[in-house]
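Comments concern the structure below.
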Amino acid sequence: MHDDLGVKWDRLYLFPANEELSGNWRYRTEPDGKRYEPMFVNTARDLANALRLNPDSKVLVASGYYDLVTPFFDAEFTLNRHDIRSDRIIYKYYGGGHMMYVNEPSRTTLLQGHSGIYTAADEQII
């Protein structure tokens, strides 16, 4: 950061690939003893709680069909097990991988399709 961006930083900066940082990172949570939860950090319970606190909010899950990093079906599998009403979650799938927006047709569809979600939310606020 110092050489490339000219940032002056007196503290030690550990990036995610740092062995010390990643070796001490707690990746696993075991909510309520549910040992079948995925092995990565899972924020689905936090999301479910946030949706209960704000009944007007919705969630958009945008996934690439060919994502080998975060498989699209895992989002459905995980969110469906946390008592979130199905009308509160919008699932959209695109022909691309982890960064489906790099695929030009997917990016166009993503931008066109999701702008309506924000417009609808703005209209509800007004």
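The values are calculated or read from the model by the stated rules, or taken from the named source; none is laboratory data. The shown structure was predicted, so the numbers you read here are calculated from the model rather than taken from an experiment. Every residue, glycine among them, receives a Cβ derived from its backbone with ideal geometry; neighbour counts consider all protein chains shown.
Descriptive notes on the structure:
Every residue, every condition in (1) modelled with pLDDT of 65 or more; (2) over 30 Å from ASN103 (Cα atoms); (3) assigned to a helix (DSSP H, G or I), yes or no:
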| residue | (1), (2), (3) |
| --- | --- |
| ASP4 | yes, no, yes |
| LYS8 | yes, yes, no |
| SER22 | yes, yes, yes |
| PRO38 | no, no, no |
| VAL41 | yes, no, no |
| ASP56 | yes, yes, no |
| ALA62 | yes, no, no |
| LEU68 | yes, no, no |
| ALA75 | yes, no, yes |
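- Candidates ILE125, ILE89, ILE84: the one that is at pLDDT below 80 and either within 28 Å of ARG45 (Cβ to Cβ) or touching a Pro at 6+ places or on another chain (Cβ under 7 Å) (or both) is ILE125.
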